[in-house]
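One structure is given here, and the rest of the page talks about it.
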Amino acid sequence: MSIWWTLHLRREAASVPLARRLLLGTMETAGVDREISYELAVALSEACANAVEHGAGDCGDAYRVTACIDGDTCHVEVTDAGPGFPEPPARAAAGSDAYAVCAAAGTAAGVGVGVGAAPVPPVAEDGRGLRIIESLADHVRFHNRSDRGGAVVSFDKILKWRDDALLRAG
C-alpha cells in the first residue's frame, strides 16, 4: 500500500505549519518511527519556507507540496513559481537546468552551492535551509522547472517503522 497527497498552498508563512502537520499526521497514522517523522517534517518545513520566501513568480503566488509513502521510502517534493535556483557559472555556459545531489555523497546544489560554484560558508544566510534538508534526507535534488520556471526541491528518506505500524512494508 502507498499513501500520497498534494497540497496547493499560498505563499504565506501560515502554510508551512499546515504542510508540516499534515506530513506528521500521515507519518503517525502509518506508524513511521517518530524520529524519522520529525526529520522529514523539519526538511519539509525548510523546503516550504524557501518556497514562501523565494517562490514569487509570474505564474502565481502559490506553491505545491507532494508527499508519498511507498514501501520503505517517503518522497517529498516542493515546487514553486519563482525565479528558480541561480545557475553555477560552469553550468550556465552549458545551458543545463538540473542540479542533482545525493546528500550521502556530501555534495550540494542550488543557491550558492553545487558543481562549479563556491561552497556556502557555514555562517551564510542563503542556502542554510537547503543544507539542513541535505543533512536530514537520504537523497536530495534541487533543480529548476524547465516548463514554466520555478524551483523544485525534492528529497527521499528511508523509513523505519514502529512495532504497531499499520503500513509496515515487507
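FYI, it's all coordinate maths here, none of it is from the lab. Note that the coordinates shown come from a computational prediction; the quantities given were computed from them, not determined experimentally. With ideal geometry, Cβ positions are generated from the backbone for all residues, glycine too; neighbour counts draw on all protein chains shown.
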Within the range 34-56, take every residue that is surrounded by fewer than 15 Cβ atoms within 10 Å (Cβ to Cβ) and among the acidic types (Asp, Glu) and give me the one that is farthest from VAL153 (Cα to Cα). GLU35
Going through the range 10-19 in order, the residues found to be within 27 Å of GLY71 (Cβ to Cβ) and crowded, with 19+ Cβ neighbours inside 10 Å are ALA19
Where a residue in the range 19-46 is within 19 Å of SER2 (Cα to Cα) and its partner, wherever it lies, is outside any helix (DSSP H, G or I) and of a type in the set (Gly, Ala, Ser), with Cβ under 6 Å and at least six apart: LEU23/ALA67; GLY31/ALA165
